[in-house]
1. How about segment 237-255: which of its residues are among the small types (G, A, S) and away from ligand 1 (no atom under 13 Å from the Cβ)?
2. If only one of M306, M320 is aliphatic (A, V, I, L, M) and within 15 Å of R178 (Cα to Cα), which one is it?
3. Please work out if A231 is modelled with pLDDT under 95, over 22 Å from I273 (Cβ atoms) and part of a helix (DSSP H, G or I).
4. Any idea how many residues of segment 150-207 are touching a helix residue (DSSP H, G or I) at 6+ places or on another chain (Cβ under 8 Å) and within 26 Å of P299 (Cβ to Cβ)?
5. Which residues, counting only those in segment 2-39, are assigned to a strand (DSSP E or B) and of a type in the set (S, T, N, Q)?
6. Being surrounded by fewer than 23 Cβ atoms within 10 Å (Cβ to Cβ) and among the aliphatic types (A, V, I, L, M) narrows it down to one of A79, A69, so name that one.
7. Under the condition of being in contact (Cβ under 8 Å) with a residue 40 or more places away in the chain, under 30 Å from V147 (Cβ atoms) and not in a loop (DSSP other than H, G, I, E, B), which residue from segment 162-207 is farthest from ligand 1 (Cβ to nearest atom)?
8. Output the residues belonging to segment 208-230 that are away from ligand 2 (no atom under 13 Å from the Cβ), farther than 18 Å from V303 by Cβ and either touching a residue at least 60 places away in the same chain (Cβ under 8 Å) or of a type in the set (D, E, K, R) (or both).
Amino acid sequence: MQLFEKLIDYHEAVRLMLESTPRLPVARVSLMEARGLALAEDVRARFDSPPFDNSAVDGYALRSADAQAGRVFRVVDEAPAGRPARKGVGEGEAVKIFTGGVIPDGADAVAMVENTSGWGEEFELKKAAAPGNNLRLAGEDVREGDVILRSGTEIGAPEIALAATQGYGELPVYRRPRVAVLSTGSELVEPGTRALAPGEIFDSNSFALLAQAREAGADAHRTTAASDDAAVLRAAMEEALTCADVVVTSGGVSVGQRDLVKGALLELGVEQIFWGIKLKPGKPVFFGTREDARFFGLPGNPVSAMVCFELFVRPALMRMMGREDHHRPRIKVYFDQDVQNRFGRMHAMRVNLTRTEKGWRAESVGAQGSGLISSLTKADALTLVGPESEGVRAGDPVEALVLREEVLFSRVGDRGW
Ligand code: AMP
Ligand code: MG
């Protein structure tokens with residue numbers, strides 16, 4: 001057992017963590033695997049798109065010079081999407097064409113079938129057509145050589161669509177971090193397997209942390225080492241460290257006699273960057289590195305574990321994925337009443353948010369105990385109430401980290417859901 005040598009500031013801890021967490025190497029991954037990841041290089045158009053002039057409608061391609069209302073045209077060929085016509089159009093001639101069909105030689109407009117007497121060998125034009133009508137021109141979307149997606153862009157459905165139109169089957173991205181989530185504690189039982197014996201509880205942290213890691217975009221898996229046996233823990237952590245980019249444990253990291261995580265880590269060659277933060281909840285958080293692996297030892301109390309994931313692990317994962325700008329939204333909020341903070345540590349307080357005439361009003365979700373998991377289901381945000389001057393006064397601005405981003409779309413006097 002060891003006592004904390006020195007507690008560091010929350011902001012200092014985040015800085016140290018980011019400083020020693022580089023981006024992951026660039027990887028070329030399939031379009032769908034790239035979803036949610038950040039582009040690592042600019043992507044350029046390989047050719048003009050669309051690649052050829054084509055029809056925006058179903059109808060007849062013709063010469064606009066002939067296209068007066070009442071004129072009768074002879075249909076000489078057809079051009080469905082994917083199969084260009086063999087013939088061009090001369091005076092008084094037309095080619096039956098469908099959306100996406102290649103505009104035949106000689107034609108400079110397409111008359112919609114609705115503006116003709118209908119499909120047939122011949123048709124009468126009911127409405128004059130002007131040059132360029134219903135044409136989609138080659139290169140009107142993107143031009144060969146243009147940067148169509150900038151490095152750093154987060155890949156979503158529109159980016160996937162644009163890359164696919166240019167024939168890209170893969171994209172260069174910062175790959176997803178592999179995360180191993182590991183619970184510690186001999187009291188833990190796997191949910192859904194059996195009833196609890198006296199003194200036991202179900203393991204909730206590894207599921208919660210796994211969900212958070214996946215939500216952040218990581219490729220996360222659980223490995224269970226529900227044990228306070230030093231050798232078992234060491235073996236599980238060694239395995240996690242060799243196969244994951246980020247290992248996240250919960251529990252066993254404080255100063256109790258059964259808190260063996262930190263000692264085991266040091267034995268495994270993990271270099272401690274910090275252990276102990278002036279933060280509530282989250283005092284015993286451990287962060288260390290071993291070669292390319294990053295290790296977060298989070299507290300066992302379920303609220304502490306989840307809050308500390310938000311405050312430390314999520315930013316690390318985002319950084320690794322090249323998404324440095326992708327923090328949770330941070331906004332200024334105020335309380336209606338004075339809020340005490342006599343802990344001498346930054347308090348990450350669970351609150352509800354309401355939009356008012358004065359801005360965002362924060363209200364504690366109630367008791368803030370770090371075992372009260374139900375309180376997290378009610379929280380919209382974490383307010384960061386510093387220990388300075390022992391809290392904040394009513395109406396003073398306080399920084400809040402928004403967990404439920406949809407709350408930001410609510411209006412004054414309306415929670416919206
Ligand atoms: P520890 O830091 O290991 O002393 O754990 C602090 C508290 O969190 C204890 O009440 C543990 O039983 C509880 N705890 C630890 N790990 C988990 C877990 N995976 N799921 C739910 N509760 C846990
Ligand atoms: Mg424990």
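The values are calculated or read from the model by the stated rules, or taken from the named source; none is laboratory data. Only a predicted model underlies this, so the values are computations on that prediction, with no experimental measurement involved. Quick reminder, even Gly has a Cβ in these numbers, built from the backbone with ideal geometry, and neighbours come from all protein chains shown.
1. A240, A244
2. Answer to the selection: M320.
3. Yes: the conditions hold for A231.
4. Adding up the residues that qualify gives 11.
5. Matches in segment 2-39: S30 only.
6. A69
7. Checked segment 162-207; the qualifying residue farthest from ligand 1 (Cβ to nearest atom) is T165.
8. If the condition is that a residue be away from ligand 2 (no atom under 13 Å from the Cβ), farther than 18 Å from V303 by Cβ and either touching a residue at least 60 places away in the same chain (Cβ under 8 Å) or of a type in the set (D, E, K, R) (or both), then R214, A216, G217, A218, D219, R222 are the ones that fit.
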